[in-house]
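Student: This is the structure I have questions about; it appears just below.
The values are calculated or read from the model by the stated rules, or taken from the named source; none is laboratory data. Since we're looking at a predicted model, the values are computed, not measured. Backbone-built Cβ (ideal geometry, glycine too); neighbour counts: all protein chains shown. Just the protein is used for accessible areas: all its heavy atoms, side chains included, with ligands, DNA and RNA removed. Shrake-Rupley method; radii C 1.70, N 1.55, O 1.52, S 1.80 Å.
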Amino acid sequence: MNNMERRRFLLLFAAVPALVRAQQQRVLRGKLTKSPTGAPALQGSDGRLTLLDGDPDTIGVLKDARLAGIDFEVVGEAAAAEKFKIAPIHTRALFTYKNGQRRMVTYWCEVCAIRTYSPGICWCCRDETALDLLEPDKVEKT
């Protein structure tokens with residue numbers, strides 16, 4: 001096996017875990033709410049609660065009071081019985097539905113024209129960012 005063949009083999013071998021993770025991704029939809037303990041959860045159409053977990057920015061979105069009770073969709077993987085681990089914030093795994101249309105959860109600063117993917121103050125002007133639900137294909141991939 002020459003060096004070029006080895007490199008191709010190693011690249012293929014390195015890509016396999018990413019492909020497996022992508023295939024395991026699931027979509028969960030329901031009403032964004034809180035569990036009795038106050039943790040973020042989705043309430044399914046059957047009334048069952050699924051506890052949600054994710055990175056700190058994702059948890060920030062789930063705790064945004066402006067999204068409470070809304071029809072919500074998350075992408076990730078089942079972590080355990082009635083628990084769901086949301087994919088990292090940079091993968092754009094948080095959606096809502098507005099007038100029956102799927103929208104990506106984003107936040108926008110009117111003053112600075114800066115878009116973020118978690119709530120909070122603008123890193124530039126320090127004003128609070130506004131919730132801005134966008135069609136997924138309208139958001140630039142960065």
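Student: Looking at VAL111, is it more than 18 Å from PRO56 (Cα to Cα) and of a type in the set (Val, Ile, Thr)? Write out each step before concluding.
Tutor: Values: more than 18 Å from PRO56 (Cα to Cα): yes; of a type in the set (Val, Ile, Thr): yes.
Answer is yes for this residue.
Student: Assess whether PRO88 counts as being more than 20 Å from GLN25 (Cβ to Cβ), open to solvent by 30 Å² or more (accessible area, probe 1.4 Å) and within 15 Å of the chain's Cα centre (by Cα). Spell out how you get there, then give the answer.
Tutor: On the way: more than 20 Å from GLN25 (Cβ to Cβ): no; open to solvent by 30 Å² or more (accessible area, probe 1.4 Å): yes; within 15 Å of the chain's Cα centre (by Cα): yes.
Against the criterion (more than 20 Å from GLN25 (Cβ to Cβ), open to solvent by 30 Å² or more (accessible area, probe 1.4 Å) and within 15 Å of the chain's Cα centre (by Cα)), PRO88 does not qualify.
Student: Checking the structure you have, find out if any residue of the stretch 81-97 is farther than 20 Å from ASP137 by Cα and touching a residue at least 40 places away in the same chain (Cβ under 8 Å). Write out each step before concluding.
Tutor: Quick first cut of the stretch 81-97, residues farther than 20 Å from ASP137 by Cα only: 81-86.
Now narrow it down to the ones that are touching a residue at least 40 places away in the same chain (Cβ under 8 Å): 84.
For the stretch 81-97, residues farther than 20 Å from ASP137 by Cα and touching a residue at least 40 places away in the same chain (Cβ under 8 Å): present.
Student: For CYS109, only one of the following conditions fails: (1) touching a strand residue (DSSP E or B) at 6+ places or on another chain (Cβ under 9 Å); (2) in contact (Cβ under 8 Å) with a residue 24 or more places away in the chain; (3) open to solvent by less than 80 Å² (accessible area, probe 1.4 Å). What is its number?
Tutor: (2)
Student: Identify the single condition in (1) under 19 Å from the mean Cα position of the chain (by Cα); (2) open to solvent by 50 Å² or more (accessible area, probe 1.4 Å); (3) basic (Lys, Arg) that ARG126 does not satisfy, given that it satisfies every other one.
Tutor: If we test ARG126 against (1) under 19 Å from the mean Cα position of the chain (by Cα); (2) open to solvent by 50 Å² or more (accessible area, probe 1.4 Å); (3) basic (Lys, Arg), just (1) comes out false.
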